[in-house]
Number of protein chains: 2
Amino acid sequence: MTTIKVNASRKYEVLIGRGLLADCNELIGKATKARKFAVISDDNVSPLYAEKITEALRAGGSEAELFTFPHGEASKCSDTLNRIYGFLAKNHFTRSDAIVAVGGGVTGDMAGYAAATYLRGMDFIQIPTSLLAQVDSSVGGKTAIDIPEGKNLVGAFKQPNLVICDIDTLETLPRDFLIDGMGEVVKYGMIKSKELFDILSSHNIGNIMEVMEDIIIRCVSIKRDVVEADEFDKGERMLLNFGHTLGHSIEQFYNYTGISHGRAVAKGMELITEIAEKKQMCREGLAEELVGCLEKYELKISVEPSTEQLGGACLNDKKRAGGSISVIICSDVGASSPVKMTVEDFLGFLK
Amino acid sequence: MTTIKVNASRKYEVLIGRGLLADCNELIGKATKARKFAVISDDNVSPLYAEKITEALRAGGSEAELFTFPHGEASKCSDTLNRIYGFLAKNHFTRSDAIVAVGGGVTGDMAGYAAATYLRGMDFIQIPTSLLAQVDSSVGGKTAIDIPEGKNLVGAFKQPNLVICDIDTLETLPRDFLIDGMGEVVKYGMIKSKELFDILSSHNIGNIMEVMEDIIIRCVSIKRDVVEADEFDKGERMLLNFGHTLGHSIEQFYNYTGISHGRAVAKGMELITEIAEKKQMCREGLAEELVGCLEKYELKISVEPSTEQLGGACLNDKKRAGGSISVIICSDVGASSPVKMTVEDFLGFLK
């Protein structure tokens, strides 16, 4: 087991290894004083892991209640959140109790937001079971729900007490979700680590599980460094948005159902790097190298809207501040920086 | 104008004086870099103050949009909150913009919660126009909404950038609301200040406005001290709940419509002090002295439920933690402390 310590407004550990869930009661018991837990999961993950975790907590002498909601991004909304609040109230949860999120990004984001806001804050444990959640959304304290006007528009910074990444849970992950998670993994290589990118380029979707523990440790370490430098997303943390500005527009174009987050981010990275290369803002050949890597993970996709159309859709994006937008550009593998431009220059840049 | 500096996780000032709203654009401009404002108010306060504040901000060169909702506690719910989020999204508000709450406790709590959560946090200005909001809810960063299962069960700690208490706004406050606010004012005297209590005892509801500026300065100073000692409500801040445990049960018994918050708190203080005196936990004659003061402000009321009934209703209260409850007892005027007891002992205590 590898332990990565995160030094944010709250100090906590990310545990990475195989078979960790067998010891979940002990691991959780060390990270919180709570002895009453609301385990929150979706109907896919609940029978696989959340029910067992609930049982393990009870066997360890704690109270534990399981709340399950229908899987999918459509559940990450105020309706499900209100049902979680009702569940917490009816089961008499207090500020001394804890929420345990078991699942992918939707579960972690929404359960974390409930933990941030119910009674103005409860303890919170993340048990991510998807690749995307293990390398990205479970670490760093960003929680959110979607509203009809846009994705992740409402949220809170809520650092967890503990994150448990059990690599074994990825064995039950549908191949499609593994591919999806690899989008964010390639991103980490592009923005911060040539070493990681080289490992990815010398593997493919068929054999990447062989080195997955190493991959996750590298990704979480990068995320930890970025979050420690800029917990509240005012500078350095923007680098994590590489590929996300156009990526979000792609997801939005397909109503968040046609193209998954990781694939949309992959396309966003590809488009922005192609433009950067044309404008001589990065090393020659970088776009081709990126696309080569994406192809190994079945992340080279086509989208219907033009780059300009996607740019227009960005303007209501929350990363836009006071009429300007920060675009993340990689000048080479592992070397990224934000480029601030006015909305007009951004649209011109995309032409 | 008196300036009280609050040293919480964010440092900010509470400005107290007469005629301050005339300079609101300049005062706000010094406290935030934002130049785009969402002014949030209810339909009672909007025509009196919020419309003028919106105009003043525009006249000062900022963008300002006004959102008005129906007055009353029933509006402090997830439906109104979602409408505020929609308003912010449709008007392209970003993380660099600010929310200005103009009104009483309901407005401040809900607008503050929106400011805490929209895009994970915007700047936030409080302009409280009720006595209750000026002395209590606008200072200290507690924001919340009600859910069907209970009042203030969902919320966040969100310190404002600035609080402007213009005493002149209290001149338009219906007498009923002045009485209501005096409940919390008497509370401050009881928990922390014999001097304040003596001023209150030598005045009455007919002439208290003559010394209101001094009263508000004293109350805000007490609240500031308590909040600085315990921003996140884990110890000292509990003292502010004097009278609130039974008070909340009274409000709940009447469905939050029959008896106002200040009156319910007054009754809660009276009941708990009578019991404390019977159990010899306070100076003899304290209950009578408290009741004498409450009578001067028309805060001596009768309620239908018995003290034991009210106690039973407390148990789902959020101040209950792990099977125990902290009851605030005043041993004398200005001397308060929390007494932690099990749920069973609490019910026995009330007999």
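The values are calculated or read from the model by the stated rules, or taken from the named source; none is laboratory data. Values in this document were obtained by computation on a predicted structure and should not be read as measured data. Note that we place each Cβ from the backbone using ideal geometry, even for glycine, and neighbour counts take in every protein chain shown.
A compact table of results
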{"item": "Residue selected from the range B:141-162 under the condition under 13 Å from the mean Cα position of the chain (by Cα) and either within 20 Å of B:Phe37 (Cα to Cα) or in the same structural domain as B:Asp225 (by TED's automatic domain parsing) (or both), by the criterion surrounded by the fewest Cβ atoms within 10 Å (Cβ to Cβ)", "result": "B:Gly141"}
{"item": "Checklist (1) under 27 Å from B:Pro148 (Cβ atoms); (2) part of a helix (DSSP H, G or I) applied to A:Arg95, failing item", "result": "(2)"}
{"item": "Of residues in the range B:95-117 being in contact (Cβ under 8 Å) with a residue 40 or more places away in the chain, farther than 18 Å from B:Arg58 by Cα and within 12 Å of another protein chain (Cβ to nearest Cβ), the one nearest to the chain's Cα centre (by Cα)", "result": "B:Asp109"}
{"item": "Selection count, the range B:2-50, where residues are touching a helix residue (DSSP H, G or I) at 6+ places or on another chain (Cβ under 8 Å), assigned to a loop (DSSP other than H, G, I, E, B) and either among the aliphatic types (A, V, I, L, M) or crowded, with 18+ Cβ neighbours inside 10 Å (or both)", "result": "1"}
{"item": "Among the residues listed as B:Asp146, B:Asp180, the single one being part of a helix (DSSP H, G or I) and charged (D, E, K, R)", "result": "B:Asp180"}
{"item": "Enumeration of residues in the range B:65-92 that are within 9 Å of chain A (Cβ to nearest Cβ) and not in a helix (DSSP H, G or I)", "result": "B:His92"}
{"item": "Meets criteria (touching a helix residue (DSSP H, G or I) at 6+ places or on another chain (Cβ under 7 Å), under 27 Å from A:Ser9 (Cβ atoms) and modelled with pLDDT under 95) for A:Gly155", "result": "no"}
{"item": "Odd one out for A:Gly72, checked against (1) modelled with pLDDT under 95; (2) in contact with an Asp or Glu (Cβ under 6 Å, 6 or more places away or on another chain)", "result": "(2)"}
{"item": "In the range B:132-170, the residues that are among the aliphatic types (A, V, I, L, M), farther than 30 Å from A:Ile145 by Cα and in contact (Cβ under 8 Å) with a residue 60 or more places away in the chain", "result": "B:Leu132, B:Val135, B:Ile164, B:Ile167"}
{"item": "Selected residue [more than 14 Å from chain A (Cβ to nearest Cβ) and surrounded by fewer than 21 Cβ atoms within 10 Å (Cβ to Cβ)] from B:Ser202, B:Ser138, B:Ser130", "result": "B:Ser202"}
{"item": "Which numbered condition B:Asn204 fails, given (1) in contact with a strand residue (DSSP E or B) (Cβ under 9 Å, 6 or more places away or on another chain); (2) not in a helix (DSSP H, G or I)", "result": "(1)"}
{"item": "The one condition in (1) closer than 19 Å to A:Ser137 by Cα; (2) within 14 Å of another protein chain (Cβ to nearest Cβ) that A:Thr32 fails to fulfil", "result": "(1)"}
{"item": "Where a residue in the range A:208-229 is surrounded by fewer than 16 Cβ atoms within 10 Å (Cβ to Cβ) and its partner, wherever it lies, is modelled with pLDDT of 95 or more and not in a helix (DSSP H, G or I), with Cβ under 6 Å and at least six apart", "result": "A:Glu228/A:Asn7"}
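This table checks each residue for (1) touching a Phe, Trp or Tyr at 6+ places or on another chain (Cβ under 9 Å); (2) buried (at least 17 other Cβ atoms within 10 Å of the Cβ); (3) small (Gly, Ala, Ser).
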| residue | (1), (2), (3) |
| --- | --- |
| A:Gly258 | no, no, yes |
| A:Met269 | yes, yes, no |
| A:Tyr297 | no, yes, no |
| A:Ser302 | no, no, yes |
| A:Gly311 | yes, yes, yes |
| A:Ser331 | no, no, yes |
| A:Glu344 | no, no, no |
| A:Lys351 | no, no, no |
